[in-house]
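**Q** My questions all concern the structure below.
The values are calculated or read from the model by the stated rules, or taken from the named source; none is laboratory data. As the structure is a prediction and not an experimental result, all values here were calculated from the model. Cβ: placed from backbone, ideal geometry, glycine included. Neighbour counts: every protein chain shown.
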């Protein structure tokens, strides 16, 4: 049985970094042409991220570039959820939301 998943990339992440920097500079809201270009770059970057070998080099790139980290996380959401988001920040925001809801409920009484 032949796999449809590309082999993992075992080389440097130069192309991933270049496309990440390009995606960071593109503004999808600037024009229809810019939006199409943004989608194309994001799609190509997504394919490279999907094929990239996990490890310290990829982690460092994703830590330094939130746009690539978000795309990577979206690609792997089914397997890992929001794996690149800090658990502490997520927990703090949930606790703040619960506290705000309680305060609002008390004000209505």
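**Q** I need the full set of residues from segment 48-67 which are exposed (fewer than 15 other Cβ atoms within 10 Å of the Cβ) and more than 15 Å from residue 17 (Cβ to Cβ), in order please.
**A** Across segment 48-67, the qualifying residue is only 54.
**Q** Being at pLDDT below 90, surrounded by 11 or more Cβ atoms within 10 Å (Cβ to Cβ) and assigned to a helix (DSSP H, G or I) narrows it down to one residue among 70, 94; which is it?
**A** Matching residue, one of 70, 94: 70.
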